[in-house]
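To keep things clear, I will list the structure first and then write my remarks on it.
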Amino acid sequence: MKLSAVDLSPVPEDGTATEAYANTVEAARQAERLGYSRFWVAEHHGMADTLAGTTPEVLLGHLAAKTDSIRLGSGAVLLNHYSPFKVAEQFGALDGLAPGRIDAGLGRANGSPAVDRALGTDRRVRNPDEDHAEKIEAVVSHLYDDFPSEHPYSDIEIPRSGGEPPAPWVLGSSTSSAAIAAELGLPFCFAAFIRPQFATHAFEEYRENFRPSELAGGVDEPKGMVAVNAVCAPTDEEAARLRAVAEASYKRMERGVVGTTPAVREAIDELGGVPEPTPATLDDDEWPRAISGSPETLAGLLEQLADRIGVDEVMIQHVVADHDDALRSHELIADGVGI
């Protein structure tokens, strides 16, 4: 199994974006040393006091200078807010900085009405799926210089390394995103930490409707990855204690409190106790929003979930209050999986 990681650049308690970005750099360098395949950074808006990951295209340029070989990408750039051409220019520039190492993870999400207005985003698109598919296709066509000669954009150039262009990925947490990836013949990454109940259905949709791509940046057969919220510690009980942070954060989101990360003790108090350890074997229809365990337990859990949907790469996302705990978790997961 291949392992990858996505980082949200959480701001430490009483800290700043400067510290958050330094932690992201440290996590990326560690992931490279441990043998992780990719390191992606996220895009969230309007919560910069808790999540500093607002502009993956900027942070990725810095990470390109701080790493040597690991693939770097966006998890995701939110395409509904931007011009496809501008996104393609950004990723072309990143390719120039880190030739052959860039993934263009393309997703969509709306923030609060105020944030969307500030971004100039139209929330009343007539056909959102069609609009998103068209934008993804345009980004890929710009990246690979693949517009037909008669197209008005055929002569527009973007920065390039001269090597392999950025690899496009469709990211999502729904069957509609899976359908778009299938229609365009592009790799698909499902965010199971958002809607785990749709993971199996999304990959069924993707495989059943996949068409070999006519795009230069597409693939000839389905290629998938799943992003899972997972935290690791030396024992199942210690890991469950760390998982309390994710569980409490999800409870807060259900109450409309988004983007906050409680300390472990605070999370346990909010939950009324330490969560039960994730069982080593999940039922066939069971896919928790967050999982935890020792290296051995977590390796088995990740293998179960990856086998269930037929992928060979898992991306680790976690909500961990302490940066050292987060780094230790990534290290232990790598040990357990054996990368």
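Here, each number is a calculation from the coordinates, and none is a lab measurement. Keep in mind that what you see is a predicted model, and the values were worked out from it rather than measured. FYI the Cβ positions are ideal-geometry reconstructions off the backbone, even for glycines, and counts take in every protein chain you see.
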Given H placed on each backbone N at 1.01 Å, which residues far from Met315 in sequence or on other chains put an amide H within less than 5 Å of it?
Ser4, Val226, Ala227, Val228
In segment 31-72, if every C-alpha pair distance is counted and binned at 5 Å from zero, what percent goes to each bin?
6, 22, 28, 19, 15, 9, 2
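Structure shown: which of Lys66/Lys251; Lys66/Lys86; Lys135/Lys251 lie over 32 Å apart, alpha-carbon to alpha-carbon?
On the way: Lys66/Lys251 36 Å; Lys66/Lys86 24 Å; Lys135/Lys251 34 Å.
Those over the limit are Lys66/Lys251; Lys135/Lys251.
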Taking max minus min of the Cα coordinates of segment 277-316 on each principal axis, largest first, gives extents in Å of 25, 21, 15
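Report, to two decimal places, the Cα Rg of segment 87-181 normalised by 2.2 N^0.38 Å (N = number of residues). Don't skip to the answer; put the middle values down first.
Values: Rg = 14.8 Å, N = 95, 2.2 N^0.38 = 12.4 Å.
For segment 87-181, the normalised Cα radius of gyration comes out at 1.19.
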Rounded, prolate or oblate: which fits segment 1-144, taking a ≥ b ≥ c as square roots of the Cα gyration tensor eigenvalues, rounded meaning a/c under 1.5, else prolate when a/b beats b/c?
oblate
Can you give the direction-averaged projected area of the convex hull of the alpha-carbon atoms in segment 166-206, in nm²?
2.6
Under Karplus coefficients 6.51, -1.76 and 1.60, residue-wise ³J(HN,Hα) of segment 182-191 in Hz, glycine/proline x:
5, 4, 8, x, 10, x, 10, 10, 9, 8
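Please state, rounded to one decimal and in Å, the Kirkwood hydrodynamic radius that the chain gives when every pair of distinct Cα atoms enters the mean of 1/r.
Working: mean 1/r = 0.0493 Å⁻¹.
After inverting the pairwise mean of 1/r, the radius is 20.3 Å.
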When the chain is treated as a Gaussian network with springs between alpha carbons less than 10 Å apart, the largest mean-square fluctuation among Ala240, Ala230, Ala118 is found at Ala118
Summed over the other residues with a beta carbon less than 12 angstrom from that of Arg243, with K and R at +1 and D and E at -1, the charge totals -4
Gaussian network model of the chain, Cα within-10 Å springs - most flexible of Asp236, Asp95, Asp284
Asp284
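Quick check: net charge around Glu270, other residues with Cβ under 11 Å of its Cβ, Lys/Arg +1 and Asp/Glu -1? Numbers along the way, then the final one.
Details: positive: Lys251, Arg252, Arg255, Arg265; negative: Glu247, Glu266, Asp269.
The answer is +1.
Rounded to the nearest 0.05, what FRET efficiency do Ala263 and His151 have when you use their Cβ-Cβ distance and R0 = 45 Å? Could you put the intermediate results ahead of the total?
Values: r = 54 Å, r/R0 = 1.19.
Calculated transfer efficiency: 0.25.
Express as a percent, rounded to the nearest 5, the fraction of DSSP beta bridges in the chain (both residues included) that run antiparallel. Mind dumping the intermediate values first?
On the way: 1 of 35 bridges.
Antiparallel: roughly 5 percent of the beta bridges in the chain.
Determine Rg/Rh for segment 226-313; Rg is computed over alpha-carbon atoms and Rh is the Kirkwood hydrodynamic estimate from the same atoms. Don't jump to the answer; show the numbers that get you there.
On the way: Rg = 13.3 Å, Rh = 13.5 Å.
Reported Rg/Rh, Kirkwood definition of Rh: 0.99.
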Can you work out ³J(HN,Hα) from phi for every residue in segment 65-75, in order, using Karplus 6.51 cos²θ - 1.76 cosθ + 1.60 and θ = phi - 60°, giving whole Hz and x for Gly and Pro?
7, 9, 10, 10, 9, 5, 6, 10, x, 9, x
Mean-square fluctuation check for the chain, GNM, Cα pairs under 10 Å: which of Ile158, Ile316, Ile180 is largest?
Ile158
Amide H contacts under 5 Å for Leu72, restricted to residues at least 5 apart in sequence or on another chain and with H modeled in the peptide plane, are Phe39, Ile102, Asp103
